1. I need the semi-axes of the equivalent ellipsoid of region A:27-138: take the C-alpha gyration tensor, multiply each eigenvalue by 5, square-root it, list largest first in whole angstrom.
2. Report relative contact order for chain A in percent, whole number only (criteria: Cα-Cα under 8 Å, sequence separation at least 6).
3. Short version: ³J(HN,Hα) in whole Hz for each residue of region A:179-188, in order, from phi by Karplus 6.51 cos²θ - 1.76 cosθ + 1.60 (θ = phi - 60°), x for Gly and Pro, what are they?
4. Among A:K27/A:K47; A:K97/A:K162; A:K97/A:K128; A:K23/A:K101; A:K118/A:K195; A:K47/A:K86, which pairs are too far apart, with a Cα-Cα distance over 28 Å?
5. Between the DSSP loop rule and a limit of at most 13 other Cβ atoms within 10 Å, which GluC sites (Glu not before Pro) in region A:7-50 are left?
6. Residue by residue, what Karplus-based ³J(HN,Hα) values in Hz, rounded to whole numbers, does region A:62-76 have, using 6.51, -1.76 and 1.60 with θ = phi - 60° and x for Gly and Pro?
7. Measuring from centroid to centroid over Cα atoms, what is the spacing of region A:25-98 and region A:143-182 in Å?
8. Using only helices, what value at 222 nm comes out for chain A when you add -39,500 (n - 2.57) per DSSP H run of length 4 or more and divide by the total residues, to the nearest 500 deg cm²/dmol?
Amino acid sequence: MKIHDLHLELLSKYGKQEWWPAKSKSKEDRRFEVIAGAVLTQATNWKNVEHALENLRSEKILNLRKFVGTPLPKIEKLVRPSGFYKQKAGRLLNLSKHLSKYNNLERFFSRPAEDIRKELLELNGIGKETADSILLYAGDKLIFPVDAYTFRIFRKKRWIEKFDYERIRELVEDQLPKDVEVYKEFHALLVQLGKDGDY
DNA sequence: AACCAGGAGAGAG
DNA sequence: CTCTCTCATGGT
């Protein structure tokens, strides 16, 4: 129960984080916004990602159907502030084309989380953390994304020794209440704690 | 002005 | 399997 205790401790220390931030009106568009953000935020400051997302929003293509109909060079230009822009533009367009085979994101997420996970991991540029972030924050699946902060914090607390992604993920999913809202908050709180460096 | 941010993939050993 | 390098922009 030590992990749940940490969650409660961080919650009283920082308050609710309300992750994942997405401003789109409809559920469908918020889902796509989360997915786009998950790819764009790889090894990049969130502030830069917000800039890129706003560029996509003002061009009215922060929407799955609109996005897949946009030429790659235009996407590259718009997401440039988030860094690694050529890679990210290509990866995001490729991912979006795959998603649109399901017609909409509601349908894409309407099946077992593990099935979706395997499918996402086969796509270029979608690793475990990105896949799990998408599953939790865009798909509301009971999956916990492990990031570098989680690893550093758990290691310092001596709950783990090396970086074994699946092991850390099981550890959290095993000890945390099976509630997507709790998962969302805890991951956000760990990031907040990691940024503070106060652990 | 070096260093890092809500990673992933390819190549070397 | 475990390192190391690359990808790139914007803020300290």
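1. 21, 15, 12
2. Working: 217 pairs, mean separation 50.5, N = 199.
Here the relative contact order equals 25 percent.
3. Along region A:179-188, the couplings run 9, 4, 5, 5, 4, 4, 5, 4, 4, 5 Hz.
4. Violating the 28 Å limit, Cα to Cα: A:K97/A:K162; A:K118/A:K195.
5. Working: sites: A:E9, A:E18, A:E28, A:E33, A:E50; in loops: A:E18.
Those satisfying the criteria are A:E18.
6. Working through the residues one at a time gives 8, 7, 3, 5, 5, 5, 5, x, 9, x, 3, x, 5, 5, 4 Hz.
7. 28
8. Value at 222 nm, helices only, nearest 500: -18500 deg cm²/dmol.
Every read-out reported here was derived from the displayed coordinates using simple, explicitly stated rules and does not represent laboratory data. Keep in mind that this is a model prediction, so the values were computed, not measured. Every residue, glycine among them, receives a Cβ derived from its backbone with ideal geometry; neighbour counts consider all protein chains shown.
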